[in-house]
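For reference, the structure discussed in these notes is given below.
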Amino acid sequence: MTDEMVVLHCSPTLAGMKTGSMFSCPYGSRDALMEDIRGLNRRLVPKGLRVLPLRYMETRALIYVFRPSDLRRDLADGRVISLLQGRGYGDLQMEPCICRLIDRFREGGEFPHEVGVFLGYPPEDVQGFIENRAGGHKCVGCWKVYGDEAAARKTFDRYKKCTQVYCTQWERGKSIERLTVAG
C-alpha cells in the first residue's frame, strides 16, 4: 500500500473534513500489508488518524482510514445509535463498533451498508439507502442522498476539490504527514 493510494482515496479524511475513508488495496502478502499499515499508523496516529484492514479477499484488502475523535462524536448521535442498534450493534463505544463492523464484513452475506456512518455520511442517507435498497435516491455523489440534497452536493464538491488539491500537492512532493491536518 502506497502513500499515494491513501492520498488519492482519503484526502478529505486527511484534511479533517470527513470522519473516515475506505478503499480496496491490492496486496501480495498479509505480512507485508500489515507492515505497511503499521508504518502508516506510526506516521498518522500522532496526527489523530488510524488505519485498519476491515476485510481481506484473495489479493485485495479493504482499508479503513479514520479519525477516532470524529467517529466517537458520530457514534454519539441518536440517529446513528438507533441505526446501529437495529443492525445488531450492542456496545456503541468506538472499539466494539469497529470490531462488530469487521465481523459483519467477515461474515459474508449482505454488505454491511451501515459502514456509511463510519465514513461520516449523514445518518438519514445511510438509513435511506438501507430502507430503499439503494433505490429512490435524490442524487448520487460520494454516497446516495435521501436527505438534504443541496448540502450533500456542496459536500461532494468540497471533497472533490480537496482530493484535487491534495493529489496536486502530493505530485509536487508534499509528504502525507504534511498533507494530514492534525486533529
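The values are calculated or read from the model by the stated rules, or taken from the named source; none is laboratory data. Just so you know, these numbers come straight off a predicted model, no measurement behind them. Glycine also receives a Cβ, built like all others from the backbone with ideal geometry; neighbour counts cover every protein chain displayed. To get the accessible areas, we keep the full protein, side chains included, count just its heavy atoms, and leave off ligands, DNA and RNA. Shrake-Rupley method; radii C 1.70, N 1.55, O 1.52, S 1.80 Å.
Structure summary
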{"read-out": "Selection count, the stretch 101-130, where residues are open to solvent by 30 Å² or more (accessible area, probe 1.4 Å), in contact with a strand residue (DSSP E or B) (Cβ under 8 Å, 6 or more places away or on another chain) and at pLDDT below 95", "value": "1"}
{"read-out": "Residue check, Gly173 open to solvent by 20 Å² or more (accessible area, probe 1.4 Å) and under 23 Å from Leu52 (Cβ atoms)", "value": "no"}
{"read-out": "Residues located in the stretch 119-148, provided they are over 18 Å from the mean Cα position of the chain (by Cα), touching a residue at least 12 places away in the same chain (Cβ under 8 Å) and part of a helix (DSSP H, G or I)", "value": "Gly128"}
{"read-out": "Residues within the stretch 148-170 that are over 22 Å from Lys138 (Cβ atoms) and either touching a Gly at 6+ places or on another chain (Cβ under 8 Å) or open to solvent by 50 Å² or more (accessible area, probe 1.4 Å) (or both), tallied", "value": "5"}
{"read-out": "Among (1) open to solvent by 20 Å² or more (accessible area, probe 1.4 Å); (2) within 25 Å of Arg172 (Cα to Cα); (3) touching a residue at least 40 places away in the same chain (Cβ under 8 Å), the one test that Pro12 misses", "value": "(1)"}
{"read-out": "Hits in the stretch 76-86 (condition: within 13 Å of His113 (Cα to Cα) and open to solvent by less than 60 Å² (accessible area, probe 1.4 Å))", "value": "Val80, Leu83, Leu84"}
{"read-out": "Tally, over the stretch 15-55, of residues that are out of contact with any strand residue (DSSP E or B) (no Cβ under 8 Å at 6 or more places or on another chain) and assigned to a helix (DSSP H, G or I)", "value": "11"}
{"read-out": "Only listed residue being outside any loop (DSSP other than H, G, I, E, B), in contact (Cβ under 8 Å) with a residue 40 or more places away in the chain, out of contact with any Cys (no Cβ under 6 Å at 6 or more places or on another chain) and not aromatic (Phe, Trp, Tyr), chosen from Arg106, Arg178, Arg100", "value": "Arg106"}
{"read-out": "Qualifying residue in the stretch 68-85 (condition: of a type in the set (Ser, Thr, Tyr), more than 15 Å from the chain's Cα centre (by Cα) and outside any loop (DSSP other than H, G, I, E, B))", "value": "yes"}
{"read-out": "Residue in the stretch 131-141 that is of a type outside the set (Phe, Trp, Tyr), open to solvent by less than 60 Å² (accessible area, probe 1.4 Å) and under 22 Å from Lys47 (Cβ atoms) present", "value": "no"}
{"read-out": "Residue within the stretch 16-23 that is without any contact (Cβ under 8 Å) to a residue 60 or more places away in the chain and open to solvent by 60 Å² or more (accessible area, probe 1.4 Å) present", "value": "no"}
{"read-out": "Failed criterion for Met94 (all others in (1) closer than 20 Å to Val126 by Cα; (2) open to solvent by 60 Å² or more (accessible area, probe 1.4 Å) hold)", "value": "(2)"}
